[in-house]
Ligand code: SAH
């Protein structure tokens, strides 16, 4: 990650966020280090920049949000638990924050976004950080992205009402899927691990994501 010319945010502000993540139960030192090193303010519009290092989701336009840092940390920690990750798929790039975090911890990351202007924005943000192992795709990821499967991990950052079988089929052996499941009132964050053709599901948390929508949008 190249941080030249990105501007500094006071160390104290970032350390406060890291302390909050620890306080909420994030333990993985690699995840905490990457969250500390990644400038969240470059993903957020100037008007909301004062919220960049608060542990809250922030509006990014098009009725979408940049995820809450705690939720990004929790999802990242959950998929990392099983060891090193080679190929990861993210569904719902948004402005690319979770993409940047997981890209620092995996070999190759594919991330798909259905709203073109957000896909373009993420592309610019990730170029600023000079992340070379990220491949962004514009399209509908509600059924995954079979072209590059199988994946060691799939991170879904928008909520379907149920878990699509197509996503399970795109997991490698011992692969992990982390996904919020449920309606707009709130969802269960689930971790599914593939063991041969068995899928073990565990409840991680209660969360609130935007819905995983189907199909392309006009822009
Ligand atoms: N990962 C982002 C979260 C963005 S919010 C972050 O780190 O902040 C979720 C995103 O999922 C939105 O940008 C939304 O447009 C996108 N999304 C919703 N349904 C989708 C679909 N079927 N395919 C791809 N992206 C989708």
Can you run down the residue pairs with Cβ atoms below 6 Å, 6 or more apart or on separate chains, where the first is in region 97-114 and over 21 Å from residue 44 (Cβ atoms) and at pLDDT 95 or above and the partner is outside any loop (DSSP other than H, G, I, E, B) and near the ligand (Cβ under 7 Å from one of its atoms)? 112/91
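Which is more than 10 Å from the ligand (Cβ to nearest atom), touching a helix residue (DSSP H, G or I) at 6+ places or on another chain (Cβ under 8 Å) and farther than 19 Å from residue 88 by Cβ, of 41, 50?
Unique residue meeting the criteria: 41.
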Restricting to region 61-93, name every residue that is over 9 Å from the mean Cα position of the chain (by Cα) and within 10 Å of the ligand (Cβ to nearest atom). 61, 62, 63, 64, 65, 66, 68, 69
Which pairs have Cβ atoms under 8 Å, sit 6 or more apart or on different chains, and link a residue in region 192-210 that is free of Cβ contacts under 8 Å to residues at least 40 places away in the same chain and on the phi > 0 side of the Ramachandran plot to one that is in a strand (DSSP E or B) and exposed (fewer than 13 other Cβ atoms within 10 Å of the Cβ)? 196/173
Which residues, taken from region 10-56, are in contact with a strand residue (DSSP E or B) (Cβ under 8 Å, 6 or more places away or on another chain), touching a residue at least 12 places away in the same chain (Cβ under 8 Å) and either over 19 Å from residue 127 (Cα atoms) or in a loop (DSSP other than H, G, I, E, B) (or both)? 44, 45, 52
May I ask you to list the residues in region 156-189 that are more than 21 Å from residue 113 (Cα to Cα) and either in contact with a helix residue (DSSP H, G or I) (Cβ under 6 Å, 6 or more places away or on another chain) or surrounded by 20 or more Cβ atoms within 10 Å (Cβ to Cβ) (or both)? 175
Lone unmet requirement of (1) part of a loop (DSSP other than H, G, I, E, B); (2) modelled with pLDDT of 95 or more; (3) away from the ligand (no atom under 13 Å from the Cβ) for residue 3: (2)
Here the residues within region 166-219 that are away from the ligand (no atom under 16 Å from the Cβ), within 21 Å of residue 59 (Cα to Cα) and more than 17 Å from the chain's Cα centre (by Cα) are 185
Complete set of residues in region 103-119 that are within 9 Å of the ligand (Cβ to nearest atom) and either surrounded by fewer than 21 Cβ atoms within 10 Å (Cβ to Cβ) or not in a strand (DSSP E or B) (or both): 112, 114, 115, 118, 119
Scope region 202-219; condition in a strand (DSSP E or B) and exposed (fewer than 14 other Cβ atoms within 10 Å of the Cβ); matching residues: 202, 203, 206
Here are 61, 92, 144, 96: which of them is over 21 Å from residue 164 (Cα atoms) and buried (at least 21 other Cβ atoms within 10 Å of the Cβ)? 96
Given the conditions (1) at pLDDT 95 or above; (2) not in a strand (DSSP E or B), and given that residue 89 satisfies all but one, which numbered condition is not satisfied? (2)
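The values are calculated or read from the model by the stated rules, or taken from the named source; none is laboratory data. From a predicted model like this one, the values you see are computed outputs, not experimental measurements. Glycine also receives a Cβ, built like all others from the backbone with ideal geometry; neighbour counts cover every protein chain displayed.
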